[in-house]
1. May I ask for the Kirkwood hydrodynamic radius of the chain, worked out over all distinct Cα pairs and given in angstroms to one decimal?
2. Which whole-number percent gives the relative contact order of segment 44-172, counting Cα pairs below 8 Å spaced six or more residues apart?
3. Find the relative contact order for the chain and round it to a whole percent, using C-alpha pairs within less than 8 Å whose residues are 6+ positions apart.
4. Any idea what the relative contact order of segment 3-250 is, in percent, if you count C-alpha pairs under 8 Å spaced at least 6 apart?
5. Find the Rg to Rh ratio for segment 370-449, where Rh is the Kirkwood radius over alpha-carbon pairs and Rg uses the same atoms.
6. Taking the Cβ-Cβ separation of residue 218 and residue 343 as r and a Förster radius of 45 Å, what is the calculated FRET efficiency to the nearest 0.05?
7. Return the FRET efficiency for the residue pair residue 399, residue 66: r is the Cβ-Cβ distance, R0 is 25 Å, and the value is rounded to the nearest 0.05.
8. Given the peptides 271-279, 364-372, 221-229, 290-298, arrange them by the average over their residues of other C-beta atoms within 10 Å, most packed first.
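Computed from the coordinates by the stated procedures, all read-outs in this text should not be read as laboratory data. Just so you know, these numbers come straight off a predicted model, no measurement behind them. As a convention, Cβ positions derive from the backbone with ideal geometry for all residues, glycine included, and neighbour counts pool all protein chains shown.
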């Protein structure tokens, strides 16, 4: 049996998931929508909405935080763009990418159409994660040029939405094959030095997978054997022990608007700054040791956009040390070209630590050495906050959500939305959630935090 069919057979067999898995899905739901609040007011988020109106046109599906309605693929594209725009969305170490920004918008889009119960919403999210993360983790990440999420998240979107629509196994398999085969090549990743809003191609893969489901339903076919090559995909990782351990329970969450590879240096820099009472004007040099992939980021000391800032270790570390961790929840235009930040960023030196290379992608470690006032402070860190071994609590996730919403939503509206997301499993219907998600967000990218 082709692996796509084997995965699709598993998807079709799912009727429910354990309560712990639903709780993990609820945490993902809360976090993804919170990240979306931050993305609405960005230039990329606004452009995604305007472009989607032109490309897809009006329809029945809701654009988050508004009364706008587009065709399903268009709405999912916009909502995915919101969720992924500022790199605040969740991720998974084994997959080296971000499933939530694709799967949650797609599931909510289709759930509203088919009037899915809360249980089915949470189960669909878990199913989508399971398929997408297995496909990504089955690749030899060290042998491929890019791990970008847009190359693999479509498998999970097709699986989750196909399951919600109760499609036949073969149709789900064909949709997964179409989505996987047509996924974005992300051709500039790894060498472009310009920040941009395509980023990892997550919105494109999300919309493409929803279209793949529509196409498969009417007889369009894909290469069902695209996952069968053992030289490219670990066959056991793809399909062994399906349903015995759920991937969604081992993801990570982010507290900084920056690539995950930068979080360990930020954590370490802030810890050393506090412990040693380091004064900014006394810092002579900050040396950061990273695994090889960490050195491929843009790493500009004076980025010209938030899209570029998210991929700069020197800038992100300097911003956190100058303005505190909350300046990265999320980073906004107001911090660009700040002379105190850019001056400190120029004193950051990145070095390759070859001994860390084998840790990636299971871990994203870093070492940091701060030379200040004739002294040296040093720290090694393997698991930044939010990793499964250093997790965020439910309270931490709620605080993150409300911190993002502050200044962007009226506090009572933000609290209603937070409560609707978190109490979804206590309701018989999802109407209360969808209504709360129509609350508007201020179109001001420099809203105070």
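1. 21.9
2. About 21 percent, as a whole number.
3. About 20 percent, as a whole number.
4. Worked out over segment 3-250, it gives 25 percent.
5. Radius of gyration relative to Kirkwood radius: 1.19.
6. Numbers: r = 59 Å, r/R0 = 1.31.
Step by step, r from the Cβ atoms, then E = 0.15.
7. 0.50
8. With the highest mean Cβ count within 10 Å placed first, the list reads 364-372, 290-298, 221-229, 271-279.
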